[in-house]
Amino acid sequence: MSLTIENMQEYLNEKYKRTKPEEMKNTQRYFLKLIEEVGELAEVIRKDKRMVDNNIKGTIEEELSDVLYYVLMIANTYNIDLEDCFRKKEELNRIRYGHTLKIDDI
Ligand SMILES: [Mg+2]
């Protein structure tokens, strides 16, 4: 099954609803974790640690996934539809920077 941002947000919502519902509105905690993961990403980028043979531990692939996880969690604490936001923001950028490709052209 291919994952969409919407699927990922729904999955994380359901996961926390089942296991840690008290954390579902903890935006500040998720924001701090996001910054922590961005720091870890900086380190693996600096060391150019890429995933080899599906071993994701300690790689750029792992830390990008961690960053995405906390971006999704923060969006969920505000009930934000990230796909919709990305679409709107890309349209603003398209106009601002004069790009010709629209997101629905692909
Ligand atoms: Mg990490």
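Only the coordinates and a few stated rules stand behind these numbers; no lab work does. These figures come from a predicted structure and were not determined experimentally. Glycine gets a Cβ as well: all are built from the backbone with ideal geometry, and neighbour counts include every protein chain shown.
Values computed for the structure shown
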{"item": "Filter result (more than 14 Å from the chain's Cα centre (by Cα), within 14 Å of the ligand (Cβ to nearest atom) and among the hydrophobic types (A, V, I, L, M, F, W, C)) within region 33-54", "result": "A42, V44, I45, M51"}
{"item": "Pair list, Cβ under 9 Å, 6 or more apart: region 49-62 residue over 16 Å from G39 (Cα atoms), other residue among the acidic types (D, E) and not in a loop (DSSP other than H, G, I, E, B)", "result": "R50/E61; M51/E61; M51/E62; I56/E62"}
{"item": "Where a residue in region 78-106 is without any contact (Cβ under 8 Å) to a residue 24 or more places away in the chain and its partner, wherever it lies, is surrounded by 10 or more Cβ atoms within 10 Å (Cβ to Cβ) and assigned to a loop (DSSP other than H, G, I, E, B), with Cβ under 7 Å and at least six apart", "result": "R94/K102"}
{"item": "Sole exception among (1) assigned to a helix (DSSP H, G or I); (2) loosely packed, with under 10 Cβ neighbours inside 10 Å for D48, by number", "result": "(1)"}
